[in-house]
Amino acid sequence: MTDLMIILGCPASGKTTLARRLAAELTVPILSKDDIKEALFDVLGFADREGSRRLSDASFAAQLRMAQTQLDAGLSCLLEGNWRAEHTGGVLEVVARSGARIAQVWCRASAGEILRRFAARVRHAGHLDTAGLAEEVKRTAGLPPAFLHLGGPRWIYDSERPAAYPALVGDLKIWRM
């Protein structure tokens with residue numbers, strides 16, 4: 001049985017850090033939206049928020065295609081990104097074609113911590129973090145979890161609480177048995 005684990009949450013909530021730790025701990029490949037998007041920035045360039053959004057859409061599509069390849073090969077995998085409701089259909093298609101089990105982890109932190117992380121991080125210039133993204137972060141930082149409607153277990157991971165990580169790993173290992 002293969003597993004598709006999705007790490008999602010708002011920007012600067014700790015998704016990438018969590019996904020990298022989990023991928024190593026669970027020995028599964030990680031497919032990160034920003035890794036794909038930044039490679040596209042390097043090849044195709046970047047100019048404005050609309051172009052950045054198109055490359056985000058392409059990155060999500062690439063993630064799903066690579067996940068399908070992994071799952072078809074009998075390998076579980078972990079997807080990380082700021083997944084939204086409009087991605088549900090694509091994820092469900094991958095799950096239906098592969099027969100994989102699915103689980104989601106919503107990464108969260110306090111609004112103040114998210115804003116602090118966002119201000120402190122250094123990312124690829126193509127993300128255009130200074131072009132209105134800070135306002136989006138302020139708007140979404142305190143919203144409740146927005147899991148995709150996929151079925152399967154869901155966990156909320158508080159990235160500010162050190163004890164949350166071993167508890168989550170334990171839950172995921174039990175689920176994967």
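The values are calculated or read from the model by the stated rules, or taken from the named source; none is laboratory data. Keep in mind the model is a prediction, meaning the values are calculated, not measured. Note that we place each Cβ from the backbone using ideal geometry, even for glycine, and neighbour counts take in every protein chain shown.
Say whether the condition of being over 23 Å from Arg176 (Cβ atoms) and in contact with a Ser or Thr (Cβ under 7 Å, 6 or more places away or on another chain) is met by at least one residue in segment 100-108.
No, because not a single residue in segment 100-108 is over 23 Å from Arg176 (Cβ atoms) and in contact with a Ser or Thr (Cβ under 7 Å, 6 or more places away or on another chain).
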Could we say that Tyr165 is farther than 30 Å from Asp48 by Cα, part of a helix (DSSP H, G or I) and of a type outside the set (A, V, I, L, M) here?
yes
Just one listed residue, out of Ala67, Ala61, Ala12, is touching a helix residue (DSSP H, G or I) at 6+ places or on another chain (Cβ under 8 Å), among the hydrophobic types (A, V, I, L, M, F, W, C) and modelled with pLDDT under 95, and it is Ala12
Just wondering, is there one or more residues in segment 155-172 that are over 25 Å from Val28 (Cα atoms) and free of Cβ contacts under 8 Å to residues at least 12 places away in the same chain?
no
Mind telling me which of the residues Leu128, Leu133 ends up being within 11 Å of Ala12 (Cβ to Cβ) and at pLDDT below 95?
Leu133
Can you name the condition, by its number, that Glu93 falls short on among (1) modelled with pLDDT of 80 or more; (2) more than 26 Å from Val169 (Cβ to Cβ); (3) in contact with a Ser or Thr (Cβ under 6 Å, 6 or more places away or on another chain)?
(3)
